[in-house]
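Step one of this worksheet: look at the structure below.
Derivation of every value follows stated rules applied to the coordinates shown; laboratory data play no part. Because the structure is a prediction, the values reported are computed rather than measured. Cβ coordinates were reconstructed from backbone atoms using ideal geometry, including for glycine residues, and neighbour counts include every protein chain displayed.
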């Protein structure tokens, strides 16, 4: 995935942009979504899931922490770390089991734990503009040693 910026003007455009991202994925990717509450992290993830051929309804895993969805080509591990308070809790979820060639991992609020990731990943920043417009930036994160 390459670095890029996009402004979407509506919920539907955010879904479509996510769908394009999903179609470009090959497996083994980790996407870390950053942004304030209601910035569109779950909406973008819904689009990514559509791009992966997932037919199930995507919901925020705020209370379950992690949902796994089977796609036609790849699976999606959708995480929400808003309620995770420690690095130990992060690793207790077993996230490393889902980082594989058949799965894409999307981490909402994952920026709190990026220093723990010893693999390449993409940061997706989301920012609320006016109304339902969103500014979305994709950037490759440097590896931590």
Segments 50-58, 2-10, 114-122 sorted - mean Cβ within 10 Å per residue, highest first: 50-58, 114-122, 2-10
Among 74, 93, 126: highest mean-square fluctuation, GNM of the chain, C-alpha pairs under 10 Å: 93
Mean shadow area of the stretch 4-140, taken as a quarter of the surface of its Cα convex hull (nm²): 7.4
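Please give the length that would be gained between residue 10 and residue 111 if that part of the chain were fully extended, namely 0.36 nm times their separation in residues minus their C-alpha to C-alpha distance (nm, one decimal).
33.9 nm
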Where labels lie 7 Å past Cα in the beta-carbon direction, separation of residue 97 and residue 130 in nm: 4.8
Order of 30, 104, 128 - criterion: other Cβ atoms within 10 Å of each residue's Cβ, fewest first: 128, 30, 104
Net length gained if the chain between residue 28 and residue 55 were fully extended (0.36 nm per residue, minus Cα distance): 7.7 nm
Principal semi-axes in Å for the stretch 87-144 [√(5λ), Cα gyration tensor, largest first]: 25, 13, 12
Distance in nm between pseudo-label sites at residue 66 and residue 118 (7 Å out along the Cβ direction from Cα): 1.8
Fewest-first sequence of 69, 11 by Cβ atoms within 10 Å of each Cβ: 11, 69
